[in-house]
Amino acid sequence: MNWKQAFTSSIGKKLVMALTGVFLILFLIVHCYVNALVFLEWFGPLGRGYKAYEGAAHFLGSNPLTRIAEIGLLAGIILHIVQGLMLFFDNKTKRPVDYNVHPGNKSSKWYSRSMGLLGTLILLFLVLHLYHFWVPNRYQQLVTGHEKDLYLLMELTFKDLWVVIVYILGCISLAYHLLHGFWSAFQTLGLSTKKYTGLLRCVGTVYSIVIPLIFIAMPLSFYLGLLPDAETARAATQTLAH
Ligand code: HEM
């Protein structure tokens, strides 16, 4: 397969979707882990979660390698969306007449047939999400040379109920998108051999449920006041041992 075929043939498009999908799956693990450090507030002295999270966020934010990774991430997201849209329209033109009979769950799950819709909902969530966090943080870094207090930014962002609801809906869409996408990506890559099918299905299901649930816990915990406010947590870090 040459470069042109990778982007134009049906199997090429599926392969690009699978490779960018696996890349995004790996990104979500790191992103979820770093943000979940705020929950260390529940395990240990006051300020522990704030310190761990701000430390990790600062390490990543001030690292030039992160800027390079961000370009790769952006390219991965755009490729995933463009190829996904092309596959969606390919399937539509190949089967222009809608079937009268919908076999429903007997042949496939609703979320497997709604990947385009779920992907669009995630994209809408992502635009709002980057506007909330990534844009203001990069802007402040560019203008002042200092990053934002991201723990405080989370606290302020998740004060609005509608924002929390949009984040929860975004994460639920992500869960269903992953329930099909995780498995589908590994199948396209030929890794779903007889021996590993069961294991892959199990890991895919656990991943698709656990990661979005941890993400949901973040806006919900700030909104419900289950995490200390940034000012209290920051002040407490002064008394923590280094
Ligand atoms: C719901 C809980 C979430 C929280 C609290 C959260 C928090 C953050 C924060 C604070 C940043 C800015 C990092 C920086 O500027 O250095 C960020 C960036 C980003 N987030 Fe999230 N995030 C969440 C969920 C998600 C989800 C579900 C996705 C993907 C579907 C996602 C994708 C991204 C991307 C692509 C970036 C920009 C790249 C980066 O800075 O790492 N986030 N997020």
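Residues in the stretch 136-152 that are aliphatic (A, V, I, L, M) and surrounded by fewer than 18 Cβ atoms within 10 Å (Cβ to Cβ) were compared, and the one that is farthest from the chain's Cα centre (by Cα) is 143.
Summed over the stretch 131-158, the residues that are more than 9 Å from the ligand (Cβ to nearest atom) and in contact with a helix residue (DSSP H, G or I) (Cβ under 7 Å, 6 or more places away or on another chain) give a count of 4.
Looking at the stretch 182-196, is at least one residue buried (at least 17 other Cβ atoms within 10 Å of the Cβ) and within 16 Å of the ligand (Cβ to nearest atom)? Yes: the stretch 182-196 contains one or more residues that are buried (at least 17 other Cβ atoms within 10 Å of the Cβ) and within 16 Å of the ligand (Cβ to nearest atom).
For residue 214, the stated conditions hold: it is near the ligand (Cβ under 10 Å from one of its atoms) and of a type in the set (Val, Ile, Thr).
Name the residues in the stretch 212-222 that are farther than 14 Å from residue 37 by Cα and either modelled with pLDDT under 95 or touching a Leu at 6+ places or on another chain (Cβ under 7 Å) (or both), would you? Passing the criteria: only 212.
The values are calculated or read from the model by the stated rules, or taken from the named source; none is laboratory data. The shown structure was predicted, so the numbers you read here are calculated from the model rather than taken from an experiment. Glycine also receives a Cβ, built like all others from the backbone with ideal geometry; neighbour counts cover every protein chain displayed.
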